[in-house]
Amino acid sequence: YKSLSFPFLISSSTSDTSITSNASIYKLNPEIPTDTFAPKPIPEDIFAYFDIPEEAEEVEESELVEFKKSGVEINVAPEPQRTSFWFSLRPIGAFILISFIFVLPLHAMNVVSQLHQTKTEVEDTSKSAFSYLQQGADATLVNETAGAGLAFSKASQHFSNAKQTISELGLGTSFLLSALPSTNKNFNSVNSLLKAGEELATAGSRVNEALDSLSQEVDPTPVSRIRILQSYLRSALPHLTKAEQELSKIESSVIPENERKIFVQTQNRLPALIDSLSEFETLSDVAANILGENGTKRYLLVFQNNTEIRPTGGFMGSFAEIKVRDGILEQLNVPSGGTYDLQGSLTRSLIAPKPLQLLKARWEFQDANWFPDFPTSARQMMEFYSDAGGPSVDGVIAINATYVAKLIGLLGPIEMAEYDRVIDEENFIFETQQIVEVEYDKEKNQPKQFIGDLAPKLIERALESKPEIFLSLIVHLGNGLTQKDIQMYFADESLQKVVLN
């Protein structure tokens, strides 16, 4: 302060103009040393900052600056005394010392108490939350939408409460818990687990809302149901993705041993579920197109008896020409004589592939599925059908007999009063062969009429199925495509490309 004090205290008897005009003769104080502004080094002991000097710094009198101007001697008054900077901080330093000594230990004790209480509250709330989450999932599987909705709502609220309990610790405590090596893993894992649970509860609610919407639809069609599912599952997907991200941050070692198995299962299965829902997003558009969302579609529906092997699955004993719009069957024409009904209608005579010539020289519709590559066989079927006078079709769908049996098992037994039989999954193949090969009316010669009578009842049962059965039908369809019990070919090249993919 001394070296920085203003050096010129001018007496009132000195004129401003004379001082200004003779500024060149003024003599300044010596230069200020540069180390005056050098920062003080930080002591290793932080409390050293609060060491108070015993005595205030002595104040020296300011030097008298003399100068002469026109023979007049001017005396500069001495600087006033100033108290030391450290001396002025003495009360503040003492207060801070007291805070370190007394307040912080008390606060630390309070934090420890809070942590114990918070741990108990979070554990209890989380257990309840996961319990409700499980209840919601179980209720959804049996289509108890009201109970599932309530359970998911409670689960979400409990997860939110658990997160709020942790946030009430305060930012400082939370930061320390997440930063300290001894608590970092547990604290961060708990946070991630609660976030994942909340996201899973929200996703579960979306799926449950989809089922509820399906059950309340006034005049449902397969296409409208697909679109409802697509909409709600699309909204669930981001929550499942966030849950997967949070679960990936958790180390299984921090999960209690008795709960670790289900945690690891969830962690492993969630990516597959997300992939399936993403795939459903694409497939639902394709399915809606195939089912005639944008206009009526016409297909050849071929039934393959895979107990009698052929390259694409089985011998084509029966087929149907169908017209479909919005998933509703507008027309179903099943020739009573099956595939042999087209023999007399073919306008061209094609030579059969050489191995088939051992059985028959002429190549006909019933043997069109000669090529293991289904699209090639399907195009050959369409060519034969057109040559026999049939209308152009948008594609070919082949279904194996064993798949139809499983479908009946899913939908339930079908009573066929005119044949004095009840057809179920176990007897379908046997009874069908018995009727179309042995018991049919030889005079009428319509062996495949049984297929034509059964198919409409099977389709009607599927269309009138409850929402949970509709979901099972989608799963059954997926299994059929995977195992090639269902094969499809479409004349639309862009649609065919998507189906192949």
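The values are calculated or read from the model by the stated rules, or taken from the named source; none is laboratory data. From a predicted model like this one, the values you see are computed outputs, not experimental measurements. Methodologically, a virtual Cβ is constructed for each residue, glycine included, from the backbone with ideal geometry; neighbour enumeration extends over all protein chains shown. The area values use the complete protein model at the heavy-atom level, side chains included, leaving out ligands, DNA and RNA. Shrake-Rupley method; radii C 1.70, N 1.55, O 1.52, S 1.80 Å.
Where strands (runs of 3 or more DSSP E) fall entirely within segment 370-437, those with at least 3 residues that are closer than 24 Å to L356 by Cβ are at 395-400. For segment 365-406, the tally of residues that are in contact with a Ser or Thr (Cβ under 7 Å, 6 or more places away or on another chain) and hydroxyl-bearing (S, T, Y) stands at 3. Per this entry, S189 is counted among residues that are part of a helix (DSSP H, G or I) and either open to solvent by 30 Å² or more (accessible area, probe 1.4 Å) or modelled with pLDDT of 70 or more (or both). Of everything listed in (1) farther than 30 Å from T221 by Cβ; (2) over 22 Å from the mean Cα position of the chain (by Cα), the single unmet condition for L291 is (1).
When you scan segment 303-310, do you find a residue that is touching a Leu at 6+ places or on another chain (Cβ under 9 Å) and open to solvent by 20 Å² or more (accessible area, probe 1.4 Å), even just one? No.
The single residue among K249, K297 that is among the basic types (K, R) and open to solvent by less than 70 Å² (accessible area, probe 1.4 Å) turns out to be K297.
For the residues E415, E425, the requirement of being at pLDDT below 95, exposed (fewer than 15 other Cβ atoms within 10 Å of the Cβ) and within 45 Å of the chain's Cα centre (by Cα) singles out E415. Given (1) touching a residue at least 12 places away in the same chain (Cβ under 8 Å); (2) within 30 Å of L141 (Cα to Cα); (3) open to solvent by 30 Å² or more (accessible area, probe 1.4 Å); (4) under 32 Å from the mean Cα position of the chain (by Cα), where does I459 come up short, assuming only one miss? Tallying (1) touching a residue at least 12 places away in the same chain (Cβ under 8 Å); (2) within 30 Å of L141 (Cα to Cα); (3) open to solvent by 30 Å² or more (accessible area, probe 1.4 Å); (4) under 32 Å from the mean Cα position of the chain (by Cα), I459 fails exactly one: (4).
Residue by residue, here is whether (1) surrounded by 15 or more Cβ atoms within 10 Å (Cβ to Cβ); (2) modelled with pLDDT under 95; (3) of a type in the set (V, I, T); (4) under 30 Å from L350 (Cα atoms) holds:
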position	(1), (2), (3), (4)
F374	yes, no, no, yes
R379	yes, no, no, yes
M382	yes, no, no, yes
Y385	yes, no, no, yes
I397	yes, no, yes, yes
A401	yes, yes, no, yes
I408	yes, yes, yes, no
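Within segment 256-281, if we keep just the residues that are of a type in the set (V, I, T) and touching a Ser or Thr at 6+ places or on another chain (Cβ under 8 Å), the residue that is farthest from L237 (Cα to Cα) turns out to be V264. Here are some residues: A196, A162, A146. Which one is under 26 Å from N208 (Cα atoms), buried (at least 20 other Cβ atoms within 10 Å of the Cβ) and at pLDDT 80 or above? None of the other options fit; the residue is A196.
Scanning segment 321-345 for residues that are surrounded by fewer than 21 Cβ atoms within 10 Å (Cβ to Cβ), touching a strand residue (DSSP E or B) at 6+ places or on another chain (Cβ under 9 Å) and assigned to a strand (DSSP E or B) returns E321, I322, K323, R325, L329, E330, Q331, L332, N333. Which of the residues belonging to segment 213-246 are open to solvent by 50 Å² or more (accessible area, probe 1.4 Å), assigned to a helix (DSSP H, G or I) and not polar (S, T, N, Q)? Correct list: R227, Y232, R234, P238, K242, E244. Scanning segment 479-492 turns up no residue that is assigned to a strand (DSSP E or B), more than 44 Å from the chain's Cα centre (by Cα), more than 27 Å from D219 (Cβ to Cβ) and modelled with pLDDT of 85 or more. Assess whether D485 counts as being more than 18 Å from L277 (Cβ to Cβ), acidic (D, E) and surrounded by 16 or more Cβ atoms within 10 Å (Cβ to Cβ). It is true that D485 is more than 18 Å from L277 (Cβ to Cβ), acidic (D, E) and surrounded by 16 or more Cβ atoms within 10 Å (Cβ to Cβ). If I ask for residues that are exposed (fewer than 11 other Cβ atoms within 10 Å of the Cβ) and not β-branched (V, I, T), which ones from segment 346-360 would you list? Once the filter is applied, which keeps residues that are exposed (fewer than 11 other Cβ atoms within 10 Å of the Cβ) and not β-branched (V, I, T), segment 346-360 yields R348, S349, K354, P355, L358, L359. For segment 267-290, the set of residues classified as among the β-branched types (V, I, T), open to solvent by less than 70 Å² (accessible area, probe 1.4 Å) and touching a residue at least 60 places away in the same chain (Cβ under 8 Å) consists of V286, I290, listed by residue number. For segment 203-231, filtering for residues that are more than 16 Å from L141 (Cα to Cα) and not aliphatic (A, V, I, L, M) leaves 11.
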